[in-house]
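What follows is a short report on a single structure.
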Amino acid sequence: MKARLLNLRRTLSALVALTTFAALMGFAGFPGAGLVHSAANLSPIKIGAAGPYSGDLSKIGLDGLNAIRMAVEEANAAGGVRGRKIEIVEADDAGDSSKAILVAEKLAMDRAVLGVVGPMNSSTVEAALPTYQRAGLAIISQSATKPSLTETGYKVMHRICPRDDAQGPASAEFVVEVLKAKSVYIIDDKTAYGQGLSDEVEAALKASGIKTVRSQITLEDRDFSPILTRVKVAKPDLLYLGLANPAQAASIIKQAAGLGISVKLMGGDGLKEKDQLIAGSAGLAEGMYVTTIGRAITEVPEAAEFIRKFEGKFGAMSVFSGQTYEAARILIDAMRRASADPSKLTRALVMEALGKTAGYKGILGFPISFDSKGDVIGAGIYVYQAKGDDFVLVR
Amino acid sequence: MDLFLMQIPQQIVNGVTLGSVYALLALGYSMVYGVLKMLNFAHGSVFMVGAFAGWGALSLLTRGNALTMSPALALLAMVAAGVAATALLGATIERLAYRPLRGGSRMAPLISALGVSIILENAAMLLTSGRAKTYQTELIFPQDWAVHVAGATISATRIAMFASSVAIMILLDMVVSRTKFGRAMRATSQDAEAAEYIGIRTAAVIAGTFIIGSSLAGVAGVMVGLYYTQIDFMIGFSAGLKAFTAAVLGGIGNFRGAAAGGLLLGLAESIGVLIAPPVYKDAIVFAVLIVTLILRPSGLLGKQARARA
């Protein structure tokens, strides 16, 4: 009995010593630790990061993931969400619809996940939306542009990129007024993004009386000679590439050169990737036009700091790095606004606050607000051209 | 209709180029089947490794955007790297994954082959972070040089591919029909047990067959890299399927059949695109296989295979 009591006392004193030590370390470790003591004791908030981190689209995906990491690191350094730390749950969908559903279910099951940045592709968003809707888990996509995504009444859906039905007519206008092309050959890759964008572009071109021919490839295709032979014979004024993978576009451009095809080139926002399109095509993409949603953030003064930090850490940015960073920051901002008491944060509150995002000024060069469907308001479409080793704004 | 006819010459050129790669791959498939009666499903992955080895050699020889040696030497180095990597890999796979299973169930090596291919693909995925690698073909072959025949453009890359694959096939045919090793190989494929009795070291013959077959895949890998200008860890999958199809089409186990099957398959794929949308090109390939198997279950040259092999 006595031995036991002694043991107990020893344990108690050890505990006291430990707590004192921990508290001292805490105060010494970082100032303000005492202030947010209660909040810091709360479990961390988790943010899902869904995107293609392996497979064909992994370059874009991983650069996006790095941008999310940066946004979260910065937010945590600034106190997290009212004192609660933020953690990232990586959800690799490999750009594949069926995997997108699986990782959505994984995120939905983890009750600590209160919001998701991504998925990045229209096809993966489309596939995973019902799952996120059932879980009441808000998503904010940086790059899914298919129009129907916000038209089917899914309340969880938000995006900060304009839709293809804005990009389509703008592209067609440029083709008609500036390039004065009479015939256009369109190749799409059967993805929700590539096919959807191409549908919009084709419809807008046809409405302007332009002759169009359309063919499809798949993301897995490596040999484009058969389709390019068709292009060669059709002799279009412009070849439009509605593709999700800039590396694939570069490969098409190189193979076209091997077939002696020389034609003006144009593509959507997904192809504006320096490393893969310009370097990857060994300069053959010179003169190619790409439409973008919003201005390149390299031209936005507010983004200079982000670019310097990002490129210093991870190397050259991909087309969606800035948008992904912004999407993550908007989500975190919504979480901070969602509830004054960080312990009472729920998915529903985060979703509500995210939907109410209005006039958010970040690095994209325009204030971001969502309409009732979750579409972004205020973004414009710009046309860039590949010149030398970069893209320059032409319209 | 006019547009349709105008495509024909170019599509034939496309088909022959692609067909020469399929033929090289199908030969490797057929050789292994000939001596072992097993389908080497890891063949496509070996091809992928060859493509990466060639890419590695090219990147080592490139400083900025220029080669550090003459294009011909660089090409030779790439092919050497591809062949060295695949020959070594082929021998290793045979030793570790197939030889221990010999004499057992016929299914065992097949499953083992699938396992090897999964391991290789995933290893390549991890090593490359799943990213595609670009072959700087323009450093090796002049991109602005091409032969124009009847409206078809034949680039230097295509000519080199076709010529080297024909040369390799002729060389292989000579090895098989004229050398001692070729005779031993034919004997082993006819009856391994009997070959062993008359003093042929069949284990060495089988290993040799794997090395030769894998080397062919290595050459094909470098070719495809230069032709498609881009490779990734998944290229082996569809290439393996096509090679298998070509081998079966020609009569599996028959070398000349494999070469013919490869060329035919490449042509079918390109010509088929004339009538069907390009997105169905793979469907066309497999339709050709199904029809052939219905009409000639042992493949195009299958009969001769039994008489010769």
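Couple of notes before you dig in:
- Only one entry of A:ALA71, A:ALA100 meets the criterion of being under 19 Å from the mean Cα position of the chain (by Cα) and within 13 Å of A:MET120 (Cα to Cα), and that entry is A:ALA100.
- Among the residues of region B:173-196, those identified as free of Cβ contacts under 8 Å to residues at least 40 places away in the same chain, more than 17 Å from B:GLY213 (Cα to Cα) and surrounded by 16 or more Cβ atoms within 10 Å (Cβ to Cβ) are B:ALA187, B:ALA195.
- Residues being in a loop (DSSP other than H, G, I, E, B) and of a type in the set (A, V, I, L, M, F, W, C) - total across region A:120-150: 4
- Restricting attention to region B:69-82, the residues that are open to solvent by 40 Å² or more (accessible area, probe 1.4 Å) and in a helix (DSSP H, G or I) add up to 7.
- A single member of A:GLN385, A:GLN323, A:GLN276 is part of a helix (DSSP H, G or I) and outside the structural domain of A:ILE45 (by TED's automatic domain parsing), and it is A:GLN276.
- Test for B:ILE235: is it within 14 Å of chain A (Cβ to nearest Cβ) and either without any contact (Cβ under 8 Å) to a residue 12 or more places away in the chain or within 23 Å of B:ILE212 (Cα to Cα) (or both): yes
- Some residue of region B:277-288 being open to solvent by 10 Å² or more (accessible area, probe 1.4 Å), touching a residue at least 60 places away in the same chain (Cβ under 8 Å) and either assigned to a strand (DSSP E or B) or within 17 Å of B:VAL16 (Cα to Cα) (or both): no
- Residue list for region B:137-165, filter: in contact with a helix residue (DSSP H, G or I) (Cβ under 6 Å, 6 or more places away or on another chain) and either basic (Lys, Arg) or touching a residue at least 40 places away in the same chain (Cβ under 8 Å) (or both): B:THR137, B:ILE140, B:PHE141, B:ALA150, B:GLY151, B:ALA152, B:ILE154, B:THR157, B:ARG158, B:MET161, B:PHE162, B:SER165
- Matching residues, region B:127-159, being over 22 Å from B:ALA220 (Cβ atoms), assigned to a loop (DSSP other than H, G, I, E, B) and either more than 9 Å from every other protein chain (Cβ to nearest Cβ) or at pLDDT 85 or above (or both): B:PRO142, B:TRP145, B:ALA150
- Residue check, A:LEU241 under 29 Å from B:ILE154 (Cβ atoms), modelled with pLDDT of 95 or more and under 28 Å from the mean Cα position of the chain (by Cα): yes
- Any hit, region A:296-311, residues being surrounded by fewer than 24 Cβ atoms within 10 Å (Cβ to Cβ) and of a type in the set (Phe, Trp, Tyr): yes
Yes/no per residue for (1) within 14 Å of another protein chain (Cβ to nearest Cβ); (2) open to solvent by 10 Å² or more (accessible area, probe 1.4 Å); (3) within 30 Å of B:MET6 (Cβ to Cβ); (4) in contact (Cβ under 8 Å) with a residue 60 or more places away in the chain:
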{"site": "B:ILE231", "(1), (2), (3), (4)": "yes, no, no, yes"}
{"site": "B:ALA246", "(1), (2), (3), (4)": "no, no, yes, yes"}
{"site": "B:GLY261", "(1), (2), (3), (4)": "no, no, yes, yes"}
{"site": "B:GLY266", "(1), (2), (3), (4)": "yes, no, yes, yes"}
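- Any hit, region A:280-291, residues being part of a helix (DSSP H, G or I) and away from chain B (no Cβ under 14 Å): no
- Helices (runs of 4 or more DSSP H) lying entirely in region A:1-119 (those with 1 or more residues that are modelled with pLDDT of 90 or more and open to solvent by less than 80 Å² (accessible area, probe 1.4 Å)): A:58-77, A:97-109
- Applying the criterion of being among the hydrophobic types (A, V, I, L, M, F, W, C) and in contact with a Lys or Arg (Cβ under 7 Å, 6 or more places away or on another chain) to the residues of region A:283-295, the residue that is least open to solvent (accessible area, probe 1.4 Å) is A:VAL290.
- Hits in region B:28-61 (condition: at negative phi, surrounded by fewer than 15 Cβ atoms within 10 Å (Cβ to Cβ) and not in a helix (DSSP H, G or I)): none
- Candidates A:ALA334, A:ALA353: the one that is touching a Lys or Arg at 6+ places or on another chain (Cβ under 7 Å), open to solvent by less than 20 Å² (accessible area, probe 1.4 Å) and assigned to a helix (DSSP H, G or I) is A:ALA353.
- Flag if B:MET169 is within 14 Å of another protein chain (Cβ to nearest Cβ), in a helix (DSSP H, G or I) and open to solvent by less than 50 Å² (accessible area, probe 1.4 Å): no
- Within region A:151-171, the set of residues being in contact with a Ser or Thr (Cβ under 8 Å, 6 or more places away or on another chain), outside any loop (DSSP other than H, G, I, E, B) and more than 19 Å from A:PRO246 (Cα to Cα) comprises A:MET157, A:HIS158, A:ARG159, A:ALA170.
- Members of region A:373-387 found to be without any contact (Cβ under 8 Å) to a residue 60 or more places away in the chain and touching a helix residue (DSSP H, G or I) at 6+ places or on another chain (Cβ under 8 Å), listed by number: none
- A single member of A:LEU238, A:LEU259 is within 26 Å of B:ASP232 (Cα to Cα), in contact (Cβ under 8 Å) with a residue 12 or more places away in the chain and hydrophobic (A, V, I, L, M, F, W, C), and it is A:LEU259.
- Subset of region A:120-153 that is aliphatic (A, V, I, L, M) and under 20 Å from A:ALA338 (Cβ atoms) - its residue that is most open to solvent (accessible area, probe 1.4 Å): A:ALA135
- Residue match in region A:259-271 (condition: buried (at least 24 other Cβ atoms within 10 Å of the Cβ) and out of contact with any Leu (no Cβ under 8 Å at 6 or more places or on another chain)): yes
- Flag if B:GLY225 is within 14 Å of chain A (Cβ to nearest Cβ) and at pLDDT below 90: no
The values are calculated or read from the model by the stated rules, or taken from the named source; none is laboratory data. All values derive from a computational prediction rather than experimental measurement. Reconstructed Cβ throughout: ideal geometry from the backbone, glycine too, with neighbour counts over all protein chains shown. Just the protein is used for accessible areas: all its heavy atoms, side chains included, with ligands, DNA and RNA removed. Shrake-Rupley method; radii C 1.70, N 1.55, O 1.52, S 1.80 Å.
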